[in-house]
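Written out below as structure tokens is the structure these notes cover.
The values are calculated or read from the model by the stated rules, or taken from the named source; none is laboratory data. Note that the coordinates shown come from a computational prediction; the quantities given were computed from them, not determined experimentally. We place every Cβ from the backbone using ideal geometry, glycine too, and count neighbours over all the protein chains shown. These area figures cover heavy atoms from the full protein model, side chains too; ligands, DNA and RNA do not enter into them. Shrake-Rupley method; radii C 1.70, N 1.55, O 1.52, S 1.80 Å.
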Amino acid sequence: MPELPEVEALAGYLRQRAVGRRVDRLEIAAISALKTYEPAPTAVAGRAVVDASRHGKFLDVLFEGDLHLVVHLARAGWLHYREAFPATTPLRPGKGPIAVRVRLDDGSGFDLTEAGTQKKLAAYLVTDLAAVPGVAKLGPDALAADLPTFAERLRSRRGQVKGVLTDQAVLSGVGNAYSDEILHSAKLSPFAITDRLTDAQMATLHAATRQVLGDAVERSLGQRAAELKGEKRSGLKVHARTGLPCPVCGDTVREVSFADSSLQYCPTCQTGGKPLADRRLSRLVR
């Protein structure tokens, strides 16, 4: 799933390539992806792209007249920039992975695509960001929050730190992958309880969050959209590395699996050398 660093980089790429161009047309290929009906997609035609930004894990493309195309890429969504499209014929709804296409006046543009069968990519065309339910509920940005705000937000929701850190209403921008990386950097068990963290542990977690996300943003900015997934994978130390040696201590990276997700961690770095039980309702090491 694209998280804060990748969405920030996609916004940066659009700022470089698309800002100043006018929209030829906005096409919707996956009807279920568009969550709003007013304004209509035709309202975008002829408007210039003014800016591109990020709200948590939401990508926001701003057109003149304060019209926003806000996109949540979900687990399998992505943005593909095209220097030229192969044909000018409209997209056929329901055919292929393309959900939304934005054609620009110089013949370039971008597709929002979604792989797989679980279609959860969501696009909103709005004049008020508060009309996007997910954006309206976002907590402070994880990369921008200072230590007092960070600590207050995490302690406001008692629970396992892995789950609280990825709760977008608590802090926005962190998902499954970077939460694994942050907790590894902070040397914390993913099942440590938020209201039991000491002030020193909270400060370390805050510093790790800024470091991991900041480094990822720095690596990602300037990359083409097609290169970002590979750049993300190259910087991971524990996430999606089950069975491989931890690059810090050499221990084997372990995994805890759930019904529809999993997490990875290093026992030596994070849990005092003790493996976590790999079932949701077990008594877990903290």
Search the stretch 122-134 for residues that are over 20 Å from Leu79 (Cα atoms) and pair each with any residue that is part of a loop (DSSP other than H, G, I, E, B) and not hydrophobic (A, V, I, L, M, F, W, C) when their beta-carbon atoms are under 9 Å apart and the residues are at least 6 apart or on different chains. Thr127/Pro39; Thr127/Gly65; Thr127/Asp66; Asp128/Asp66; Ala131/Thr36; Pro133/Lys35
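If you check Leu228, Leu171, Leu183, which single one turns out to be at pLDDT below 95, open to solvent by less than 10 Å² (accessible area, probe 1.4 Å) and not small (Gly, Ala, Ser)? First the steps, then the outcome.
Details: Leu171 fails: at pLDDT below 95; Leu183 fails: at pLDDT below 95.
Leu228 is the lone residue from the list that is at pLDDT below 95, open to solvent by less than 10 Å² (accessible area, probe 1.4 Å) and not small (Gly, Ala, Ser).
For the condition β-branched (Val, Ile, Thr) and under 17 Å from the mean Cα position of the chain (by Cα), what is the one hit in Thr42, Thr36, Thr88, Thr113?
On the way: Thr42 fails: under 17 Å from the mean Cα position of the chain (by Cα); Thr36 fails: under 17 Å from the mean Cα position of the chain (by Cα); Thr88 fails: under 17 Å from the mean Cα position of the chain (by Cα).
Sole residue among the options that is β-branched (Val, Ile, Thr) and under 17 Å from the mean Cα position of the chain (by Cα): Thr113.
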Filter the stretch 39-52 for residues that are touching a Lys or Arg at 6+ places or on another chain (Cβ under 8 Å) and either open to solvent by less than 30 Å² (accessible area, probe 1.4 Å) or part of a strand (DSSP E or B) (or both) and give the result. Val44, Ala48, Val49, Asp51, Ala52
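Looking at the stretch 116-137 only, could you name the residues that are surrounded by fewer than 19 Cβ atoms within 10 Å (Cβ to Cβ) and either among the aliphatic types (A, V, I, L, M) or more than 14 Å from the chain's Cα centre (by Cα) (or both)? Don't jump to the end; show me each part of the working.
Start the filter on the stretch 116-137 by keeping residues that are surrounded by fewer than 19 Cβ atoms within 10 Å (Cβ to Cβ), which leaves 116-120, 127-131, 133-134, 136-137.
Result: Gly116, Thr117, Gln118, Lys119, Thr127, Asp128, Leu129, Ala130, Ala131, Pro133, Ala136, Lys137.
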For the stretch 53-90: of the residues being aromatic (Phe, Trp, Tyr) and either touching a helix residue (DSSP H, G or I) at 6+ places or on another chain (Cβ under 7 Å) or farther than 13 Å from Glu3 by Cα (or both), which is surrounded by the most Cβ atoms within 10 Å (Cβ to Cβ)? Phe58
Give all pairs with beta carbons closer than 6 Å in which a residue from the stretch 71-92 that is on the phi > 0 side of the Ramachandran plot meets a residue that is surrounded by fewer than 17 Cβ atoms within 10 Å (Cβ to Cβ); count only pairs at least 6 apart in sequence or on separate chains. Ala74/Lys120
Single residue of Thr42, Thr36 found to be touching a residue at least 24 places away in the same chain (Cβ under 8 Å) and touching a Leu at 6+ places or on another chain (Cβ under 8 Å): Thr36
